[in-house]
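The values are calculated or read from the model by the stated rules, or taken from the named source; none is laboratory data. The structure displayed is predicted, hence computed values, not measured ones. A quick note on method: Cβ atoms are made from the backbone with ideal geometry, for glycine too, and the neighbour counts reach across all protein chains shown. Keep in mind that these areas ignore ligands, DNA and RNA; they rest on the heavy atoms of the full protein, side chains included. Shrake-Rupley method; radii C 1.70, N 1.55, O 1.52, S 1.80 Å.
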Amino acid sequence: MKQTIIGAALSAALALTAMPSTAKELIYGSWMGANASTNAISLPHYFEKVKEATGGEIEWTLVPGGQLATGAGTVDAVAGNLIDAGTTMAPYTPRELPATNAIFTRTVAGDDVVGTAGAMNELILLNCPECKTEYERNDAVAFGAYNTTPYLLMCKPEISTVADLKGTKVRASGGGVEIMKMAGATPVAMSPAEATSALERGVVDCVMGSLAWLRNYGYMDITEHVMEFPLGMAGPPLLMYMNRDVWNDLTPEQRKAHIDNAAELVAVGTIKAQIDIDTEVKAMALEEGITFHAGGADFAGIMDRRVEEQEATIIEMATSVGVDDVEALLSKYTELLEKWADISEQVGTDVEKFTEALNREVYSKLDPEDL
């Protein structure tokens, strides 16, 4: 018996010595709710991969629900090291992130979610020096941009035609602002989380966003109609928007662990947390009695007009706030969208294949020491 006790004590001691003596605990502040697919699926998976890759030296704690920072406050919260990292959406802070916002404002028509996510990451990380400069200016590093599914309209009143939108108030951001103006609606700026109570109280009539938001932000019990004509994709939401001093305090191996697993973060965040969730949520919404409307030629006309007119508008907007050579940036985006459309056909919705493509085309070319 005595030998058993001694053996157990020795095993415990050896286990303790095998653990890192000074594990670094980092705080991720998310303005999204705990049930949002990004917080429930994408980030926990990534944080576990980083923990494994660093032998337990790095441990991230996710604090959801805007407890530490709002969507608009994340840039300042990261700069001030109130949080070590968070999710950043450039339209919430366009003055701080003007080049990223120029990219975000461009509406990508269609429904190639995977291809657009690939193009966004390659553009931001390898072809936008001004993006890097503005992250540095705000004491941050940024990577891990996912893509949402095409934006739809989730409404309390019935909206099935463009004419129905006249006089309504719609939560919108990025390129969706101009699309709603073209349709005769009044766009209202707020985060998806803030839109929940706004929709319930009638402050807005509709929310323009991904179908997954019905569950992610609690719209399911408020929404009665969904107009599911795809109103474009916009991004990138930056999942790893991280304090620069915290990043620099990591060892080279720890920084490498974050980048080595970033492609999978994007793939999981785009496919499992967006595309797959949309399918589940639509089935739930139909069971709840929400009516879906297909839309038609009138919405297609709005989208055609937006695609045709947007470049000049974005160039004017971004140039006015000091972004250089916006035309070249948008031209590169077009080139990358075409490139990734071909890759997307090979990838489909396979997470492993998308991870491989992202690593091959983007993350293997990214130097963690030069972010």
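General observations
- Number of positions in region 243-264 that are surrounded by 16 or more Cβ atoms within 10 Å (Cβ to Cβ) and either free of Cβ contacts under 8 Å to residues at least 40 places away in the same chain or part of a helix (DSSP H, G or I) (or both): 13
- Residue pairs meeting the criteria (Cβ under 6 Å; at least 6 apart or on separate chains; first at negative phi, in region 27-50; second among the basic types (K, R)): I41/K272
- Candidates are the residues of region 203-219 that are modelled with pLDDT of 95 or more and more than 15 Å from Y151 (Cα to Cα); the one that is surrounded by the fewest Cβ atoms within 10 Å (Cβ to Cβ) is V203.
- Condition check for P237: closer than 18 Å to N147 by Cβ, under 14 Å from the mean Cα position of the chain (by Cα) and in contact (Cβ under 8 Å) with a residue 60 or more places away in the chain: yes
- In region 352-371, the residues that are at pLDDT 95 or above and open to solvent by 90 Å² or more (accessible area, probe 1.4 Å): E352, K353, E356, R360, K365
- For M284: the one exception among (1) open to solvent by 40 Å² or more (accessible area, probe 1.4 Å); (2) under 27 Å from K132 (Cβ atoms); (3) assigned to a helix (DSSP H, G or I); (4) not aromatic (F, W, Y): (2)
- For region 126-158, a tally of residues being closer than 29 Å to K181 by Cα and surrounded by fewer than 18 Cβ atoms within 10 Å (Cβ to Cβ) returns 2.
- Of V113, V162, all but one fail to be in contact with a strand residue (DSSP E or B) (Cβ under 8 Å, 6 or more places away or on another chain), modelled with pLDDT of 95 or more and open to solvent by less than 40 Å² (accessible area, probe 1.4 Å); the exception is V113.
- Qualifying residue in region 117-136 (condition: assigned to a loop (DSSP other than H, G, I, E, B), farther than 27 Å from A357 by Cα and either in contact (Cβ under 8 Å) with a residue 12 or more places away in the chain or touching a Cys at 6+ places or on another chain (Cβ under 9 Å) (or both)): no
- Residue within region 26-41 that is open to solvent by less than 30 Å² (accessible area, probe 1.4 Å), under 18 Å from A142 (Cβ atoms) and in a helix (DSSP H, G or I) present: yes
- Residue in region 288-338 that is least open to solvent (accessible area, probe 1.4 Å), counting only those that are of a type in the set (A, V, I, L, M, F, W, C) and free of Cβ contacts under 8 Å to residues at least 12 places away in the same chain: A328
- Candidates T355, T334, T319: the one that is hydroxyl-bearing (S, T, Y) and closer than 26 Å to N261 by Cβ is T355.
- Of all the residues in region 138-176, those that are in contact (Cβ under 8 Å) with a residue 40 or more places away in the chain and under 16 Å from A90 (Cα atoms) number 15.
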